[in-house]
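Below: the structure, in structure tokens.
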Amino acid sequence: MSESCKRIISNYICNTENLLGQGLICTVYEAKYLETNKYVALKQISKKPKQWEKMTASKLEQSYKLELAILKQCQERFHKNIISLLDNFETQDHFYIVLELCDSNLKEYLEKQQNKRLEEQQAIDILKQIVEGEKCLHELKYCHRDIKPENILLKDGCVKITDVNLAKNIEDMYQAAQHSSVGTPFYLAPEVNSKQIYCPYKADIYSLGVVLYEMVYGLVDKSKEIINFNNKIKDSQLNISQDLKKLIISMLDSDPEKRANWSDVSTFINQYKNCKVRFLNQIIRDFGELQNLIKDKDINICLYPSGLLIIKLINKLIQERQLELQKLNKYEEANQMKQHQEGRVYLQKSKQWYESQIKAKNQVICQSDDLRDEFRYSDRNSKFNKHFQCYLVAFFNQLNNFRFKEEEQNIQIKLLKLKIIIACDLLNDLEKVQTLLSQNLLQQGQNILGFCQNLKDIKEIEEYTKALLPLIDQIPNDL
């Protein structure tokens, strides 16, 4: 720090050369606390408004006091995803807020990444922390109203929400009312830009949707007047999971009534973190599409028992996650864990099919008392693991008999077969999958669950299937 750039302000040496950020009413510098020699972020707010600012001295003071009040309340809750307040003081010309020093903001971090975007898993990890921080504000009845990458700081991988001076205390957060139009234009919801009555709670979702879009698809050129996010998502060649695409589109819905809410975002995060549940739900959806492709009714012999057992495994994984959240005293999140609608519909159809087979005295493959119990009861019986694997193997083998004229349909069948092989090893936490992929120098680890969702090249699908075929051979062919 050069001597000419040093300024002593109260108990801090301010480095005016190292500007951390600048807003409409404030400037943030790096500074050093004289008593400990520790570095901090020093936020300076002028008491006198500039001529071009639409602010009065009283409003500047009000903004300063609001930020202090919110940060102090968050500090009482020891919330790690809200920036920590260290000190505050005033001089004749300025208000000062002393905050913990972070590594960078999200915009700076994205600019350093390849293609200025993050991998899907990392984006979801950051999203989860942003939502946790926002929940703290919501519990205090505040809406942030200026969510953007510059206001999301990162410190040792931990998200810190900052700049809460535009937040507003709202008793009924779901009620649309007349509110001032504040925030950063590019990230504002359409209803805020149009100066309609609006619900800040829902408007913040839109802003977060833009941030999530930029994390996943890359920073957007703000010079363009109109950006159609839906078309950009549709036209993108990036391998992004369908569930995440749907969430972003829902968060960016121009109609606040149709837009996702905070509960929807939390539910998505909880289910996304449990990648096994997502993977199995995708197979259930694939089953539904397969049913439309294949007219041969014999396929039901394996399709419905396999689907039933997959749904029971989904329920098991969700229950385990609920218990885990409850142990952490996160009861609200535990209650948000839901089974996908596809699973409930499939379960109903599979039971109807099974009852009709029994009534017609038809033989069901691998029929047993245990299988009857699987259909009769929602709980899993003692032979659930064997049933689960054996039915998937039988289904995999039966799919070998199907060929289609359309290449796209053959790819669909082959990809489903790959997913079924991987699902067979979910009970072992993919240990065998990892070993086989490692031996064949292919992508390995838990990421395979997300990776294979987006495989489109038939040769690549066949390569992975070939590498994992030993799994099928190791599972018993009978019960």
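The values are calculated or read from the model by the stated rules, or taken from the named source; none is laboratory data. Keep in mind it's a predicted model, so treat the numbers as computed, not measured. Positions of Cβ are backbone-derived with ideal geometry, glycine not excepted, and every protein chain shown enters the neighbour counts.
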(message) Please determine whether any residue of the range 342-361 is touching a Ser or Thr at 6+ places or on another chain (Cβ under 8 Å) and surrounded by fewer than 16 Cβ atoms within 10 Å (Cβ to Cβ).
(response) no
(request) Working only within the range 102-138, note down all residues that are surrounded by fewer than 18 Cβ atoms within 10 Å (Cβ to Cβ), of a type outside the set (D, E, K, R) and closer than 30 Å to Lys330 by Cα. (result) Ser104, Gln121, Gln122, His138
(request) For Gln326, work out the one condition from (1) assigned by TED's automatic domain parsing to the domain that holds Leu416; (2) in contact (Cβ under 8 Å) with a residue 40 or more places away in the chain; (3) out of contact with any Leu (no Cβ under 9 Å at 6 or more places or on another chain) it doesn't fulfil. (result) (2)
(request) Could you tell me whether any residue of the range 33-52 is touching a residue at least 60 places away in the same chain (Cβ under 8 Å) and either under 25 Å from Leu137 (Cα atoms) or within 30 Å of the chain's Cα centre (by Cα) (or both)? (result) yes
(request) Could you tell me which of the residues Cys74, Cys14 is in contact with a Lys or Arg (Cβ under 9 Å, 6 or more places away or on another chain) and either closer than 22 Å to Arg145 by Cβ or not in a loop (DSSP other than H, G, I, E, B) (or both)? (result) Cys14
(request) Note down all Cβ pairs under 7 Å where the first residue falls in the range 233-244 and is touching a residue at least 12 places away in the same chain (Cβ under 8 Å) and surrounded by 13 or more Cβ atoms within 10 Å (Cβ to Cβ), the second is assigned to a helix (DSSP H, G or I) and of a type in the set (Val, Ile, Thr), and they're at least six residues apart or on different chains. (result) Ile233/Ile248; Ile233/Ile249; Ile240/Val216; Leu244/Val216
(message) With within 18 Å of Ala203 (Cα to Cα), in contact (Cβ under 8 Å) with a residue 40 or more places away in the chain and over 15 Å from the mean Cα position of the chain (by Cα) as the only criterion, which of Ser254, Ser263 stands out?
(response) Ser254
(message) Suppose we keep only residues that are out of contact with any Asp or Glu (no Cβ under 9 Å at 6 or more places or on another chain) and of a type outside the set (A, V, I, L, M, F, W, C) within the range 421-433. Which one would you say is modelled with the lowest pLDDT?
(response) Asp429
(message) For the range 285-308, check the following and say yes or no: at least one residue is in a loop (DSSP other than H, G, I, E, B) and acidic (Asp, Glu).
(response) yes
(message) Is it the case, given these coordinates, that Ser356 is among the polar types (S, T, N, Q) and closer than 22 Å to Leu427 by Cβ?
(response) no
(message) If a residue must be part of a loop (DSSP other than H, G, I, E, B), at pLDDT below 80 and not polar (S, T, N, Q), how many such residues does the range 439-474 contain?
(response) 5
(request) Among the residues of the range 373-413, count how many are under 32 Å from the mean Cα position of the chain (by Cα) and of a type in the set (Lys, Arg). (result) 1
(request) Provide a single number: the residues in the range 288-329 that are surrounded by fewer than 16 Cβ atoms within 10 Å (Cβ to Cβ) and more than 18 Å from Gly343 (Cα to Cα). (result) 11
